[in-house]
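The values are calculated or read from the model by the stated rules, or taken from the named source; none is laboratory data. Fair warning: this is a prediction, and the values are worked out from it, not measured in the lab. Neighbour counts run over all protein chains shown; Cβ positions are idealised from the backbone, glycine included. Note: accessible area is taken over every heavy atom of the protein model, side chains too, but ligands, DNA and RNA are not part of it. Shrake-Rupley method; radii C 1.70, N 1.55, O 1.52, S 1.80 Å.
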Amino acid sequence: MAQASGNAAGPVLEIEGITKAFPGVVANDNVSLTLNQGEIHCLLGENGAGKSTLMNMVFGLYRPDRGTIRVRGEQVSFQDSGEAIARGIGMVHQHFQLIPVFTVAENIILGNEITKGAFLDLDTARRQIDALAERYGLAVDPDATVGDLSVGEQQRVELVKALFRDADILILDEPTAVLTPGEVDDFFEVVDSLTGQGKSIIFITHKLREVLAVADRITVLRAGQVVGTATADGATQQSLANLMVGRDVVFRVDKAEADPGPAVIRVQGLRSLDDRGVETVTGLDVEVRAGEIFGIAGVEGNGQRELVETVCGMRPATGGRVEMLGQETTGWGPRQINELGVAHVPENRSKHGVVAQYTIADNLVLNRYHHRKFSQRGVRNTAAINAEARELVEQFDVRTPGVDAVIDTLSGGNQQKVIVARELTGDLKALVVAQPTRGLDVGSIEFIHRKIIELRDRGVAVLLVSAELDEILSLSDRIGVLYRGRLAGTVEAADATREELGLLMATGATGGKS
Amino acid sequence: MNGAKNANAGISRAASQVHRLLTEAWRLQPLYVSLYAILLSFVVGGVLISIIGVNPFTAYWALLRGMVGGGDEIAGSVARSVPFIGSALALAFAFRAGLFNIGAEGQLLAGGITAAYVGALSWMSDLPGIVAIPLILVAGTMGGAIWGGIPGVLRTKTGAHEVISTIMLNSLVLFGVRWMVNSRDPVVLRDTESTVPRTDPISDTAVLPELVDSQPTLHVGLFALLGVCFLVAFVLNRTTFGFEVGTVGLNPHASHYAGINVNRVIVASMAASGAFAGLAAASEISGTNGFFQPGTFFLMGFDGIAIALLARTNPVAIIAAALLWGSMLSGAPLMQQEADVSIDVVRIIQAMVLLFVAADAIVRYLFRVRELDQSPFKATSIEGAV
């Protein structure tokens, strides 16, 4: 372990005037940042602000065009991440870099194998891992297979992996995005214990609540530039959000009282299987009325995906029934359900939502290319398709050079706007939305929320599934918590608290033991 | 007056369609790599030829004259190329649907044997040519479509990968027809009066009219296959069905989400692919051979893969690629005669063309071509497509 730190509060990492350009975009423009020993420095910014690019340079994955990086006062120029690791820098990526079929110990020593002759010395490795786990309060079982671990546990493995390589500077890229509220609290404790023992942490996030909870200092990036630095005590959510977006942000979603009508979506005793054949929707009942937003909260992997896909006809139900607009739709295909007036904003944008190689125009008619308006006697009416596309692009404020642009060239937020534009137009009776704002910036989130509420006010029944509790709380009229494939409880949104929902999400019960 | 106006509008609409298809065809940018790959292969082939002690220019000059040296040579080259168009389309169409159909070899045999069987039916001679010829072509097309559709059905019902099942179906039909045509006891389809194994000759009424008495015969089947190329271009680029095929090929998950019947598209695309091979085989049976021999289509399906990839699965570019392929084979004998360079050298050059197109990084590096499009050969894109 590098013991360079006689001066307890000196800077361990200094980034000065870093500029990095990619073809067509300056990702970082003269960015400077200092990380002191034992501090948690939050790097805050919208998607595409250049946070990950900056950190990838510190970790040796990219090389800056200009500027210097100093580690413990010494200027460095990393050729690859191996050199960064050798300097005591560790990075936990948003997408874990673990091999699911290997054990925890095997994953941790991978690339840094302890050997006895030609053989792995797993015993020594196990002992070292246990010692690290104890020291930092990171409970991991070295012999567990990584594929069997929960997301929170896998994240701990990633942390131990970095610590195993003697990292004192830890870069955590959106570490809480995948955690439940309870896991987030545990995670913050670990972070505290790490800094308590002299580690320094850069914490990349766009969640303001967390920034204020853990950060010592905050650097805000916007469009590749540093637009502000603050200390946690001197900042508020509002001030940070305004810095991030560059204008005043309205947090509360303004909406009128719901005026619910008759039930439009009625799900009874629904059962369905996930891709591995495990039953993840286990007898679920839910009813969504016209003119209301029913929010489904829950830790990911409790059957959200299968519920949405089964309701929308993409996945067969193995039991129970779905009724929409008074008709039984169990066993119907996606097109039949869609033609009934049920739209679906899918959870997985790139897998289901768009065809990446298609133009914006083709993506905007992806599920209605065959309508009379766009196709006559089997021949596509390109003029009508383009006209419709231009109108939707305008209406939904999609930022694009034109409707002929390939959708893959757009940012995630604009791609999502294309999907939303496609799904939210037409004669809708019901809308099923899954994770509508995942990974989007504040501006796009506001816009999409407003559109969903507009629909509700027009009498559309909205079933909203989201992993963001804040989103559920601010949009929904009623909230159901999904736990192990069924609703553990339903509450009026007006009466719901984060604590109550968090408990339901974690245990499936209100009160009682956790 | 009104009528004239309508006619004018009709003509201008048709003209704009033609213009659109042509610009599509000549939008050669993605074909640079193919052109350079051909050039590079001839250069390397030239080096090979000089190593065996022959002046490559002498050899290539003979090859070129064999290909296009005169009216007969040109006609022969075109005739040789015609069936390749069908076998290349068989790969190209399926590829748009994200399927790697390497069963054109078998689909040609299935179409050929069906066409030969139907063409030799006793009542065919009672029919006029205008009925008999379409009938034999349709029969071959159907034979190919069924043989191509089977792997599609297997894929959708059982998940069997079409690469594996088409390879197996190739063997199945190859040995199946070989037995049918060889066997004397029992006689299945063998012409017992012939000393070589082949089917009964087809009825005279089912023979496609000859255009040029070249070697091999250039017949009207040329127009059928050219027409199919433009038809396929139109279907893929302009129709609702083509949109479904392309969508399934690029993202089957999104297709399912958008309500496209992915299984139906897969089966239809495989059947259509097989149909193109079947049509090519039928037009050869009807226009050139007059009977079926198992060796007739040897390697033609696999050459189709090379041609389709050389044309980057663009149906109109396939015409040019097939012409190049066929005329090289047609010109090779003259090279052997005059320069004493084996016909196999042409085969080697063709193999190199395919290799350079597949390993397009080499060509891109040598000729400084930027990566503009996705290569249909890259393992990753094939992986992504299926």
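Select from the range A:245-283 the residues that are modelled with pLDDT under 80 and among the aliphatic types (A, V, I, L, M) and list them in ascending order. Lay out the reasoning, then the answer.
Narrowing the range A:245-283 to residues modelled with pLDDT under 80: A:245-254, A:276.
Listed by number, the residues that qualify are A:VAL245, A:VAL249, A:VAL250, A:VAL253.
Applying the selection to the range B:152-167, what residues are out of contact with any Asp or Glu (no Cβ under 6 Å at 6 or more places or on another chain), in a helix (DSSP H, G or I) and surrounded by 14 or more Cβ atoms within 10 Å (Cβ to Cβ)? Steps first, please.
First, pick out the residues of the range B:152-167 that are out of contact with any Asp or Glu (no Cβ under 6 Å at 6 or more places or on another chain): B:152-154, B:156-167.
If we keep only those that are in a helix (DSSP H, G or I) as well, we get B:152-154, B:156-158, B:162-167.
Within the range B:152-167, B:GLY152, B:VAL153, B:LEU154, B:THR156, B:GLU162, B:VAL163, B:SER165, B:THR166, B:ILE167 meet the criteria.
Looking at the range A:103-132, I want the residues that are in the same structural domain as A:ALA144 (by TED's automatic domain parsing) and more than 17 Å from A:GLU153 (Cβ to Cβ) and have a partner that is acidic (Asp, Glu) and surrounded by 12 or more Cβ atoms within 10 Å (Cβ to Cβ) with Cβ atoms under 7 Å, at least 6 apart or on another chain. Which pairs are those?
If the second residue must be acidic (Asp, Glu) and surrounded by 12 or more Cβ atoms within 10 Å (Cβ to Cβ), the pairs left are A:ILE114/A:ASP121; A:THR115/A:ASP121; A:LEU120/A:GLU113.
So for the range A:457-464 (the condition being small (Gly, Ala, Ser), at pLDDT below 95 and either at negative phi or buried (at least 17 other Cβ atoms within 10 Å of the Cβ) (or both)), does at least one residue qualify?
Scanning the range A:457-464, I find no residue that is small (Gly, Ala, Ser), at pLDDT below 95 and either at negative phi or buried (at least 17 other Cβ atoms within 10 Å of the Cβ) (or both), so the answer is no.
Condition check ((1) within 20 Å of A:ALA493 (Cβ to Cβ); (2) in contact (Cβ under 8 Å) with a residue 60 or more places away in the chain) across all residues:
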{"position": "A:ALA256", "(1), (2)": "yes, yes"}
{"position": "A:GLY261", "(1), (2)": "yes, yes"}
{"position": "A:VAL267", "(1), (2)": "yes, no"}
{"position": "A:GLU287", "(1), (2)": "yes, no"}
{"position": "A:GLY291", "(1), (2)": "yes, yes"}
{"position": "A:GLY303", "(1), (2)": "no, yes"}
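Looking at the range A:330-384, which of its residues are more than 10 Å from chain B (Cβ to nearest Cβ) and either at positive phi or among the aliphatic types (A, V, I, L, M) (or both)?
Selection gives A:GLY331, A:LEU340, A:GLY341, A:VAL342, A:ALA343, A:VAL345, A:ILE360, A:ALA361, A:LEU364, A:ALA383, A:ALA384.
Within the range A:309-329, which residues are within 11 Å of another protein chain (Cβ to nearest Cβ) and surrounded by 21 or more Cβ atoms within 10 Å (Cβ to Cβ)?
The initial filter retains those residues of the range A:309-329 that are within 11 Å of another protein chain (Cβ to nearest Cβ), namely A:309, A:312-315.
Scanning the range A:309-329 gives A:GLU309, A:CYS312, A:GLY313.
Which condition number does A:GLY228 fail, the rest of (1) without any contact (Cβ under 8 Å) to a residue 60 or more places away in the chain; (2) open to solvent by 20 Å² or more (accessible area, probe 1.4 Å) being met?
With respect to (1) without any contact (Cβ under 8 Å) to a residue 60 or more places away in the chain; (2) open to solvent by 20 Å² or more (accessible area, probe 1.4 Å), A:GLY228 is out only on (2).
Of all residues in the range A:400-429 being free of Cβ contacts under 8 Å to residues at least 60 places away in the same chain and under 30 Å from A:GLU292 (Cα atoms), which is farthest from the chain's Cα centre (by Cα)?
Looking only at the range A:400-429, we keep the residues that are free of Cβ contacts under 8 Å to residues at least 60 places away in the same chain, and these are A:400-410, A:414, A:417, A:421-422, A:425.
In the following step, the residues that additionally are under 30 Å from A:GLU292 (Cα atoms) were identified as A:414, A:417, A:421-422, A:425.
Numbers: A:ASN414: 16, A:LYS417: 17, A:ALA421: 21, A:ARG422: 22, A:THR425: 26 Å.
Once the filter is applied, the top-ranked residue is A:THR425.
Name the single residue, out of those in the range B:266-286 being in contact with a helix residue (DSSP H, G or I) (Cβ under 6 Å, 6 or more places away or on another chain) and open to solvent by 10 Å² or more (accessible area, probe 1.4 Å), that is nearest to B:ILE85 (Cα to Cα).
At the first step, the residues of the range B:266-286 found to be in contact with a helix residue (DSSP H, G or I) (Cβ under 6 Å, 6 or more places away or on another chain) are B:266-267, B:269-286.
Next, only the ones that are open to solvent by 10 Å² or more (accessible area, probe 1.4 Å) stay: B:266-267, B:271-272, B:275-276, B:279, B:284.
Numbers: B:ILE266: 22, B:VAL267: 22, B:ALA271: 17, B:ALA272: 14, B:ALA275: 12, B:PHE276: 9, B:LEU279: 10, B:GLU284: 12 Å.
It comes out as B:PHE276.
Can you tell which of B:LEU222, B:LEU236 is of a type in the set (A, V, I, L, M, F, W, C), away from chain A (no Cβ under 14 Å) and open to solvent by less than 30 Å² (accessible area, probe 1.4 Å)? So that I can check it myself, show each step before the final result.
Details: B:LEU236 fails: away from chain A (no Cβ under 14 Å).
From the options B:LEU222, B:LEU236, the qualifying one is B:LEU222.
Please go through the range A:465-490 and pick out each residue that is open to solvent by 30 Å² or more (accessible area, probe 1.4 Å) and farther than 26 Å from A:LYS417 by Cβ. Don't jump to the end; show me each part of the working.
Taking the range A:465-490 first, the residues open to solvent by 30 Å² or more (accessible area, probe 1.4 Å) are A:467-468, A:470, A:473, A:478, A:483-484, A:486-488, A:490.
Within the range A:465-490, A:ARG478, A:TYR483, A:ARG484, A:ARG486, A:LEU487, A:ALA488, A:THR490 meet the criteria.
List the helices (runs of 4 or more DSSP H) inside the range A:355-443, counting only whole elements, that have at least 3 residues being surrounded by fewer than 22 Cβ atoms within 10 Å (Cβ to Cβ).
A:382-395
Can you go through B:THR199, B:THR192 and tell me which one is assigned by TED's automatic domain parsing to the domain that holds B:ILE133 and open to solvent by less than 70 Å² (accessible area, probe 1.4 Å)? Outline the logic, then answer.
Numbers: B:THR192 fails: open to solvent by less than 70 Å² (accessible area, probe 1.4 Å).
After ruling out the rest, the residue left standing is B:THR199.
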